[in-house]
Amino acid sequence: MPDHETLPDAPEYDAENPGAEVEYDDDDEPLDLSTDNNAKIIMLGSATDDDSCASFQFENEDHTLGNALRWIIMKNPQVEFCGYSIPHPSEPKMNMRIQTYGEITAKDALIQGLADLRDLCDVVTDKFVAEKERFSVGKQKS
Amino acid sequence: MQRDAYVPPTAGGGAARGGGGYGGGGGGGDIPRQVSMKYLCADCGKSVTINKGDMIRCKECGFRILYKERTKRMVQFEAR
Amino acid sequence: MPLTGLPLAVFVFTTTPARKKVSLCARACNSPHIHRHCTASTAAIFAMAPTKEELERRRIVGVEEERVSNVTSTDFPGHYPGEDHTWNLEEFRKKLKIQIHKANDLDYEFDLIGVDASIANAFRRILISEVPTLAIETVFVHNNTSIVQDEVLAQRLGLVPLRGDKKGFQHLRWLKKNPDEPAVEATDFNTIVMGLKVACTRNHATPATETDPEKLYFNSSVYARDIKFQPQGRQSDWFSGAGEIRPVNPDILLAKMRPGQEIDIEMHCVLGIGQDHAKFSPVATASYRLLPSIKIKQPITGEDAEKFINCFPKGVAEIQTDKKTGQKKAVIVNPRKDTVSREVLRHEELKGKVELGRIRDHFIFSIESTGMYHSDELFLQAVQILKKKCVDFHEKLLES
């Protein structure tokens, strides 16, 4: 079971002054569970000298990120090969292998992939919100 | 959690949850001998107090099966 | 002209060349770097946009009698000579379509068109196992003389879905439960306390002939509505009035009792995720299916048409009568309703006349919330969680 310590510690509770305003994250995002970054990733010792090929180990990740990231890294024309595996089902680890044609390093390809996937998420959010708007307006009209 | 020694429910000790009035500090052997014990009748559900040497029998209905009372201690469970 | 995905600046398009030319050239050049290194003139030969039929073929996952065909995605650079397929955000923005079909608070159905299965699956997996919710985690039994055993009752209580003020949940934090660390103190930031105290008694006002236990006794059934929120610290501000923490469904039967029996329980609720235990999963189901595609290759007429439409659920296919000739012909009306049962492939007289499949990038998503959040909020949260994963690893990689 992965530990999910992605949250900041709660602010101190002032017992003598219980009504006092305490500062904590209160933005409008739905359930802001995480300002902390507990992501853990290491490069495994199977990289080539020029770093064009390398393996990475993601901790506390599984097929969810693994397959999505694999797909988007494979969309990079500089990448010759990208694949992921979960070496053992009872260890919360995910390994990803990236081999490029040599013009960029594997790490660059991974960074690019993560950025692309992040942008993809933003587009999906935008589209979903827009469609929700459209749908509710259409409902009111009819 | 510090577990205190088993406290049998008794007729005299009307203590509520969280351990009775007896034996809190007492180690293994020297729990005071109870003279009477409270049981529940399996038939009529009434509380029956029985002393040492008494007949095992409900005083109200004469039923011969008596249940032990549930522990007064709090028990913790994981909801899993 | 289906030229999507090709960098227009490099390639010169004239007419659509024949497919043969490409395979020849690919053999001669044999470099996967075609997009980068080829000169404009050779690129012109490579730059062959796939035909409409070819694009259509790639879009469909075939469902045949005994097998599925064309399963894997092929939209990667270097897979088809002369085609690009590089990740392009603007292209994606243009192609991505979302269409809502059902929008109830707890029951959402929408189409997600233009993404790969790996992305859609990530959303689905996050919905089931990574969106945090509140659930009863520890149960302190002060007294339970009902016939439901303590541990069984505790397990039942854990599975009761809870809800409360959504804004209030933003104040909540994880109760760290890493065994390596010293146990974190339970505070009003990470623990919600609920109580359940019910005793069953006899109702003396009922006639002696009454047999219904609901009338004979008070509290003969213990329901989820009997679970009462006991706010700690500032929780009374965060979850007040209608925003009180309470079970989503007040009518869940927890236990049955008879006079003299009693349940007195305190419960601690914490945030958790479905990966840890199913009780934390915010959805009853989150699933997708691919939109079915039914293609009629040759006209199906007369008696066969009747047979044909009976192979599908109601509303999928219909018989149309030609106004001039009066001939009856089967047509597909709504493939969305189809279950892709393959029944149609079992009939000799329909062999070769129909092709079944599913559209590779058309996901019909269905999200059924357990009640803590609305289904649409859940989907947006799932997208945010995937994004957060990317941002976090991106940050860590740039640091190292």
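The values are calculated or read from the model by the stated rules, or taken from the named source; none is laboratory data. Because the structure is predicted, anything quoted here is derived from the model rather than measured. Cβ atoms come from the backbone with ideal geometry, glycine included; neighbour counts cover every protein chain shown.
General remarks:
- Flag if residue A:72 is β-branched (Val, Ile, Thr) and part of a strand (DSSP E or B): no
- Residues of region C:143-167 satisfying the condition of being crowded, with 19+ Cβ neighbours inside 10 Å, within 14 Å of chain B (Cβ to nearest Cβ) and closer than 23 Å to residue C:190 by Cβ: C:154, C:157, C:158, C:160, C:161, C:162
- Residues of region C:267-297 that are within 28 Å of residue C:354 (Cα to Cα) and within 14 Å of chain A (Cβ to nearest Cβ): C:288 alone.
- Selection status of residue C:167, of a type in the set (D, E, K, R) and part of a strand (DSSP E or B): no
- So residue A:120, is it out of contact with any Cys (no Cβ under 7 Å at 6 or more places or on another chain) and within 7 Å of another protein chain (Cβ to nearest Cβ): yes
- Across region C:209-250, the qualifying residues are those that are aromatic (Phe, Trp, Tyr) and within 17 Å of residue C:158 (Cβ to Cβ), and the one among them that is surrounded by the fewest Cβ atoms within 10 Å (Cβ to Cβ) is C:223.
- Unmet criterion (only one of (1) touching a strand residue (DSSP E or B) at 6+ places or on another chain (Cβ under 8 Å); (2) facing chain A (nearest Cβ under 8 Å)) for residue C:86: (1)
- Where a residue in region C:110-133 is more than 8 Å from chain A (Cβ to nearest Cβ) and its partner, wherever it lies, is basic (Lys, Arg), with Cβ under 6 Å and at least six apart: C:113/C:97; C:114/C:95; C:114/C:97
- Some residue of region A:30-47 being assigned to a loop (DSSP other than H, G, I, E, B) and closer than 23 Å to residue C:87 by Cα: no
- Look at region C:206-221: where a residue is at pLDDT 95 or above and a partner is among the charged types (D, E, K, R) and surrounded by 14 or more Cβ atoms within 10 Å (Cβ to Cβ), sitting 6+ places away or on another chain with Cβ atoms under 6 Å, you get C:221/C:256.
Residue by residue, here is whether (1) more than 7 Å from chain C (Cβ to nearest Cβ); (2) modelled with pLDDT under 90; (3) closer than 26 Å to residue C:129 by Cα; (4) in contact with a Pro (Cβ under 7 Å, 6 or more places away or on another chain) holds:
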| site | (1), (2), (3), (4) |
| --- | --- |
| A:34 | no, yes, yes, no |
| A:40 | yes, no, yes, no |
| A:44 | yes, no, no, no |
| A:51 | yes, no, no, no |
| A:59 | yes, no, yes, yes |
| A:65 | no, no, yes, no |
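- Answer from B:33, B:57 - the residue that is away from chain C (no Cβ under 14 Å), part of a loop (DSSP other than H, G, I, E, B) and modelled with pLDDT of 90 or more: B:57
- Only residues that are within 7 Å of chain A (Cβ to nearest Cβ) and touching a helix residue (DSSP H, G or I) at 6+ places or on another chain (Cβ under 7 Å) were counted across region C:380-397, and they come to 10.
- Test: residue in region C:284-304 that is under 30 Å from residue C:213 (Cα atoms) and either over 21 Å from the mean Cα position of the chain (by Cα) or surrounded by fewer than 20 Cβ atoms within 10 Å (Cβ to Cβ) (or both): no
- Residues in region A:94-117 that are buried (at least 24 other Cβ atoms within 10 Å of the Cβ) and not aliphatic (A, V, I, L, M) were compared, and the one that is farthest from the other protein chains (Cβ to nearest Cβ) is A:100.
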